[in-house]
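Here the structure is laid out as structure tokens; the discussion comes afterwards.
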Amino acid sequence: PKTMTTCFFPAYPWDKSSLKSMPVDLQQFEKLDAYALKVNVKNSVEELVKALLKQARTDLEKVRAIWMWICHHIEYDVVGYHNKSQLSSKPIDVLQTGKSICEGYAGLFEQMCSIAGIQCMKLLGYSKGYGYKMGQTFTGDSDHAWNAVYLDGRWHLLDSTWGSGAVDDSFTKFTFRYNEFYFLTHPALFINNHFPDNSNWQLLKPTLTLKEFENNMLHNSNFYMLGLLTAHPETAVIQTVNGKASVSVDCRSATLFTFKLKGTDEHGLMTLKKHGMKLDIYPQKTGSHKLQIFAKPSKASEDVYKCVLEYVVECKSVDKAMCFPKDLHQPVGPSWFTERQGFLRPSQPSPIIHTNDGRCSVTFTLGKDISVLASLHSDNSSLTEDMRRRHIMQIHRGNQIELKIHLPHAGNFVLKIYAKKKSDPGNYDYIFNYLITCLNTEAKWPAFPQSYTKWVEDYEILEPLSGLLPANRNVHFKLKMHGIAKVLVQAENTYPLTQNRGYWEGTCNTSGCREVFVMVHENANHSFYSHVLKYEVETQ
């Protein structure tokens, strides 16, 4: 081959500019690709190349036509793989049977390029392909073959075996599934799962050692095809520190993520960031756990997440305090995603809200026409559907909403937030959730008073906030309401409230009754009252 000294990429770590080692405009290949797929010549390799080159002018187009043809016409020979003695990797045999293993793909590619007058090398080495186990070492003979082609004065890498499709887990079935990623892959990405016997063919400066190759995180092609850039940590095995392990991913554009630790997403806290995500894992058992991370573009219509990363988390000690409620949904906390749903400028940007006395609040600026529903969930409380909502009070001030939360007891709670368009008659959609934690066992708050439909969104209770009033006491009421003529508090007797600068105030005595109602007179000329609030009174 031409001298190799000029063609190194100063390319580790990857500079994130392009997935390919030269500028390639895939749209310009559309016609050529379609033509190459239709070529159907099986009698000789020469004839096949001649037919393919009819539509190819530049060397790049010639390589592309050969690549496309091989990726769509040669299938991986799963039977031959298990019985190599019966297997011929001669290019003509590969062409005529239409199947081979990597040796045959690379050999056919090399010969077709040579006929087309393009310099091409068949390379051998180790690969993190089928059967690869995380963190394994590589010894003995090479297990894979691929090619380098010489274009525009430098060498480029490609792998037509992996470009053509995939074998299933049991290695009994091959499925054609074209993968653009392995065509002229940037060497700094190719090294992620291809380690050539001759390290010059990494086309990298500095080259990686085999040890580095073994320890480095395997990013499959989905990782890069989805626009993800980097992942931390970069090693495949993560040790927990005080029961916690953390992973983060950086990406170019808004991407949705999910994860599974031993098949479930219960033992972590994942937050979406503008350019990526952060995940804290708290395994609740010691030992080794498989962690998988999945992603999909936020614009994708279908709900298909692709696996982009796999780690092994080694856990030495368990942090029992970080045992999350079953109702916690990933991701946790506000993000660009919740902003898109109309929840802007959260007063609590982090996913966990800590409260010492069992009270907390979170405020948002709401987008137009949004109606909100919120509920509180925990593993160890027997809250009814109605009570889950009554421990949260909504306060609206212009386009701001405040959710005031009074916890019924200490522990971990999930605050779930739902929304819908006010103009829509339908149901509320789940938007996101927070984790609320309170360690103080003294914390015990009654629910807020019950409100009825006539309680308008921008009314506000200043006092009493507690839905449970003390018995035999004078209780002061202060309510912010507008557009009404009269307000009465009905206990054993009826107490009118008086209006003062937009507030209705007054005192009521709770003796001799179990319930207290606030009622309003919407129109001074009618004698009809509407219930707006209901309080309980403590029993003696």
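Please go through segment 310-334 and give me each residue that is under 28 Å from residue 218 (Cα atoms) and part of a loop (DSSP other than H, G, I, E, B), ordered by number.
The answer is 316, 317, 318, 329, 330, 331, 332.
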Inset, instruction - Among what's in segment 382-403 and is under 30 Å from the mean Cα position of the chain (by Cα) and of a type in the set (Lys, Arg), pick the residue that is least open to solvent (accessible area, probe 1.4 Å). - result: 388
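Residues checked against (1) surrounded by 20 or more Cβ atoms within 10 Å (Cβ to Cβ); (2) assigned by the TED database to the domain that holds residue 246:
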{"position": "264", "(1), (2)": "no, yes"}
{"position": "293", "(1), (2)": "yes, yes"}
{"position": "303", "(1), (2)": "no, yes"}
{"position": "343", "(1), (2)": "yes, no"}
{"position": "376", "(1), (2)": "yes, no"}
{"position": "380", "(1), (2)": "no, no"}
Inset, instruction - Those residues that are open to solvent by less than 20 Å² (accessible area, probe 1.4 Å) and touching a helix residue (DSSP H, G or I) at 6+ places or on another chain (Cβ under 8 Å), I need them from segment 220-242; list them, please. - result: 221, 224, 231, 236
Inset, instruction - With the checklist (1) within 50 Å of the chain's Cα centre (by Cα); (2) in contact (Cβ under 8 Å) with a residue 24 or more places away in the chain; (3) within 29 Å of residue 408 (Cβ to Cβ) in hand, flag the one item residue 463 doesn't pass. - result: (2)
Inset, instruction - Quick one: count up the residues across segment 492-505 that are open to solvent by less than 70 Å² (accessible area, probe 1.4 Å) and either within 52 Å of the chain's Cα centre (by Cα) or not assigned by the TED database to the domain that holds residue 527 (or both). - result: 4
Legend entry - Residue satisfying condition, being assigned by the TED database to the domain that holds residue 201 and open to solvent by 30 Å² or more (accessible area, probe 1.4 Å), within set 108, 95, 87: 87
Legend entry - In segment 171-205, residue most open to solvent (accessible area, probe 1.4 Å) [restricted to those that are of a type in the set (S, T, N, Q) and touching a strand residue (DSSP E or B) at 6+ places or on another chain (Cβ under 8 Å)]: 198
Legend entry - Where residue 484 falls short, out of the listed (1) aliphatic (A, V, I, L, M); (2) assigned to a strand (DSSP E or B); (3) surrounded by 18 or more Cβ atoms within 10 Å (Cβ to Cβ): (2)
Inset, instruction - Give 489, 475, 516 a once-over and let me know the one that is open to solvent by 10 Å² or more (accessible area, probe 1.4 Å), β-branched (Val, Ile, Thr) and within 22 Å of residue 447 (Cα to Cα). - result: 475
Inset, instruction - Name, by its number, the condition in (1) within 29 Å of residue 371 (Cα to Cα); (2) in contact with a Cys (Cβ under 9 Å, 6 or more places away or on another chain); (3) open to solvent by 10 Å² or more (accessible area, probe 1.4 Å); (4) not β-branched (Val, Ile, Thr) that does not hold for residue 438. - result: (3)
Inset, instruction - Hey, can you tell me all the residues within segment 231-240 that are in contact (Cβ under 8 Å) with a residue 60 or more places away in the chain and farther than 17 Å from residue 213 by Cβ? - result: 238, 239, 240
Inset, instruction - Would you point out which residue out of 164, 114, 142 is open to solvent by less than 10 Å² (accessible area, probe 1.4 Å) and in contact with a strand residue (DSSP E or B) (Cβ under 9 Å, 6 or more places away or on another chain)? - result: 164
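The values are calculated or read from the model by the stated rules, or taken from the named source; none is laboratory data. Just so it is clear, the model here is predicted, and its values are computed rather than measured. A quick note on method: Cβ atoms are made from the backbone with ideal geometry, for glycine too, and the neighbour counts reach across all protein chains shown. Please note that ligands, DNA and RNA were not included when accessible areas were found on the heavy atoms of the full protein model with its side chains. Shrake-Rupley method; radii C 1.70, N 1.55, O 1.52, S 1.80 Å.
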